[in-house]
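Here's the structure, in structure tokens; my notes come after.
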Amino acid sequence: MLLVIDAGNTNLTLGVFRDADLVIQWRLTTDRSRTSDEYGVQVRNLFELGGIDHKEIEAIAIASVVPSLDQTLRRMAEVYFELSPLFVDHITDTGLKILYETPSDVGADRIVDAVAAVAKYGAPCIVVDFGTATTFNAINAFREYVGGVIAPGIMISAEALFSRAAKLPRVDIKRPDRVIGSSTIRAMQSGIYHGYASLVDGVLARMIEEMDSKPRVIATGGLASFIATASKFIEEVDETLTLEGLRLIHERNRTH
């Protein structure tokens with residue numbers, strides 16, 4: 001079995017694959033202060049609760065955008081699973097040509113998402129990943145990663161509003177029934193939700209115009225389903241896209 005880890009700025013998502021089947025997945029809060037032992041004990045406990053023998057894990061693949069966690073996760077893999085993990089980056093053999101200026105600047109999660117999207121949905125395509133930041137990633141018909149857009153995530157945007165406007169209360173982020181809010185809370189919810197959905201579709205419209213042929217648009221990440229319902233362009237929501245990409249990259253590198 002394969003253990004895959006998507007280490008993001010907000011969440012740490014883990015998945016276990018048996019061949020091509022995702023058997024189980026977990027989502028943890030990313031905590032840069034945790035030691036490798038703390039992560040190791042927690043992960044082993046999750047395995048026990050999930051009824052999986054950690055000794056069945058034969059390989060580990062990691063996509064990390066938190067450099068300060070890399071050594072922690074590496075040591076956790078080595079000590080608690082006795083395995084040397086594959087960390088995906090711009091020089092990993094993914095089968096994807098990266099045309100980004102300074103390829104090393106492309107986050108591992110963006111690379112992994114692109115690999116999975118091309119494999120599952122074909123090219124050209126655009127992947128929108130709703131994480132701490134929202135990233136838009138364009139892959140052309142030749143299966144080349146051409147670039148994208150990085151925007152503040154919806155939670156970051158909302159937090160800025162709550163903290164900077166003294167008279168505005170903290171509100172739950174949800175889709176209101178109407179765009180025109182009849183109260184401060186509803187007006188804020190409308191602004192956060194519909195404003196962000198408009199940002200997403202505005203960016204997508206301009207990206208699609210710049211691409212040589214019409215792409216499929218796939219969304220992933222924790223808030224993908226929430227925003228996708230208001231989008232004119234998002235065709236698929238695939239919440240396990242990043243985990244699938246890690247599996248595919250591991251399989252490609254295992255055969256070499």
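Please compare each pair in Lys97/Lys120; Lys120/Lys232; Lys97/Lys214; Lys55/Lys120; Lys120/Lys214 to a cut-off of 28 Å on the Cα-Cα distance and tell me which ones are over it.
Numbers: Lys97/Lys120 17 Å; Lys120/Lys232 21 Å; Lys97/Lys214 20 Å; Lys55/Lys120 30 Å; Lys120/Lys214 17 Å.
Distance filter (> 28 Å) returns Lys55/Lys120.
Once you compute Rg and the Kirkwood Rh from C-alpha atoms, what is the Rg to Rh ratio for the stretch 197-250? Result for the stretch 197-250 is an Rg/Rh of 1.03.
Legend: Rg and Dmax of the stretch 142-256, from Cα coordinates, 17.7, 61 Å. Shape of the chain from its Cα gyration tensor (a ≥ b ≥ c, root eigenvalues): rounded if a/c is under 1.5, otherwise prolate when a/b > b/c, or oblate? Cα axes put the chain in the oblate bin.
Taken per residue, the accessible surface of the chain reaches 50 Å², heavy atoms only and a 1.4 Å probe.
Here the stretch 1-76 is treated as an ellipsoid with the same Cα gyration tensor; its semi-axes, largest first and in whole Å, are 20, 13, 11.
Give the carbon-plus-sulfur fraction of the accessible surface of the stretch 90-139 in %, rounded to a whole number; probe 1.4 Å, heavy atoms of protein chains only.
Looking at the stretch 90-139 in its full context, I get 48 percent from C and S.
The peptide list 238-245, 169-176, 71-78, put in order of mean Cβ contacts within 10 Å with the highest first, becomes 238-245, 71-78, 169-176.
What percent do you get for the relative contact order of the stretch 27-183 when only Cα pairs under 8 Å and 6+ apart count?
Details: 177 pairs, mean separation 22.0, N = 157.
Relative contact order, the stretch 27-183: 14 percent.
Taking a 1.4 Å probe, which of Asp70, Asp113 shows the most accessible area, and what order do the others take after it?
Numbers: Asp70 45, Asp113 0 Å².
Correct descending sequence by accessible area is Asp70, Asp113.
Hydrophobic long helices, here whole DSSP H runs in the chain with Kyte-Doolittle means of at least 0.0 and Cα atoms spread over 27 Å or more along the helix axis, are found at 184-210. Between Ser163 and Glu58, the contour length at 0.36 nm per residue exceeds the alpha carbon distance by 33.2 nm.
So between Glu82 and Asp177, what do we pick up on full extension, going 0.36 nm a residue minus the alpha carbon distance? Kindly include the intermediate steps, with their values, before the conclusion.
Details: separation 95, 0.36 × 95 = 34.20 nm, distance 5.21 nm.
My answer for the length gained is 29.0 nm.
Rounded to the nearest 500, what is the 222 nm mean residue ellipticity of the chain from helices alone, with -39500 (n - 2.57) per DSSP H run of 4+ residues and division by all residues?
Numbers: 7 runs with 99 residues, N = 256.
About -12500 deg cm²/dmol.
The values are calculated or read from the model by the stated rules, or taken from the named source; none is laboratory data. All values derive from a computational prediction rather than experimental measurement. Positions of Cβ are generated from backbone atoms using ideal geometry, with glycine treated the same way; all protein chains shown enter the neighbour counts. These accessible areas exclude ligands, DNA and RNA; they are computed on the full protein's heavy atoms, side chains included. Shrake-Rupley method; radii C 1.70, N 1.55, O 1.52, S 1.80 Å.
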